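S.K.: Before anything else, here's the structure in question.
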Amino acid sequence: QVQLVESGGGLVQPGGSLRLSCAASGFIFRNYDMNWYRQAPGKERELVASITTAGGTNYADSVKGRFSISRNNAKSTVYLQMNSLKPEDTAVYYCRRRGRPEWGQGTQVTVSP
């Protein structure tokens, strides 16, 4: 069955960096566009970054220039490099195949002094 396992979250100070990973299994990873979402307490889940099968990327305005999405098809893994983190980036981060219903368990990112 499809599995998406996010990792790499943690507590970081403002201005710091984290690299999230999402290990995928149960489907042919290279055939799917992949997305990173986040959900902050009391807010709706929002799309943060996308990467196509060809490597094209797109970002939410709030993270443009600070976050970078990438993928390694050989490892069936999608990454989210997060730099210059702000307290408002605090959320649970999830990956997902574009247009498919499955979610991973998420990884918590907390940005705090």
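S.K.: I'd like the full set of residues that are assigned to a strand (DSSP E or B) and touching a Phe, Trp or Tyr at 6+ places or on another chain (Cβ under 7 Å), limited to region 72-108. Don't jump to the end; show me each part of the working.
M.R.: As a first pass, look at region 72-108 and keep what is assigned to a strand (DSSP E or B): 72, 77-82, 91-97, 107-108.
Correct list: Leu80, Gln81, Met82, Tyr93, Tyr94, Cys95, Arg96, Arg97, Thr107.
S.K.: Checking Gln3 against (1) open to solvent by less than 70 Å² (accessible area, probe 1.4 Å); (2) among the polar types (S, T, N, Q); (3) in contact with a strand residue (DSSP E or B) (Cβ under 8 Å, 6 or more places away or on another chain), which test does it fail?
M.R.: (1)
S.K.: Give me a count of the residues in region 62-71 that are among the aliphatic types (A, V, I, L, M) and either in a strand (DSSP E or B) or surrounded by fewer than 16 Cβ atoms within 10 Å (Cβ to Cβ) (or both). Talk me through it step by step, then tell me what you get.
M.R.: Within region 62-71, the first condition is being among the aliphatic types (A, V, I, L, M), and the residues that meet it are 63, 69.
This time we only want the ones that are either in a strand (DSSP E or B) or surrounded by fewer than 16 Cβ atoms within 10 Å (Cβ to Cβ) (or both), so: 69.
Number satisfying all stated conditions: 1.
S.K.: Restricting to region 6-54, and then to whatever is of a type in the set (Asp, Glu) and open to solvent by 20 Å² or more (accessible area, probe 1.4 Å), can you tell me which residue is nearest to Gly65 (Cα to Cα)?
M.R.: Ranking the candidates gives Glu46 first.
S.K.: Residues being touching a Phe, Trp or Tyr at 6+ places or on another chain (Cβ under 9 Å) and outside any strand (DSSP E or B): count how many of those fall in region 42-51.
M.R.: Going through region 42-51 one residue at a time, the tally reaches 1.
S.K.: It is to be established whether one or more residues within region 21-41 are at pLDDT below 95 and outside any strand (DSSP E or B).
M.R.: Yes, region 21-41 contains at least one residue that is at pLDDT below 95 and outside any strand (DSSP E or B).
S.K.: Let me ask you something else. Pull out all pairs, ordered by first then second residue, where Cβ-Cβ is under 7 Å, the residues are six or more apart or on different chains, the first lies in region 70-96 and is at positive phi, and the second is part of a strand (DSSP E or B) and exposed (fewer than 13 other Cβ atoms within 10 Å of the Cβ).
M.R.: Ser76/Ser25
The values are calculated or read from the model by the stated rules, or taken from the named source; none is laboratory data. As the structure is a computational prediction, the values presented were derived from the model and not from experiment. Note that we place each Cβ from the backbone using ideal geometry, even for glycine, and neighbour counts take in every protein chain shown. Areas reflect the complete protein model, heavy atoms only, side chains present, ligands, DNA and RNA absent. Shrake-Rupley method; radii C 1.70, N 1.55, O 1.52, S 1.80 Å.
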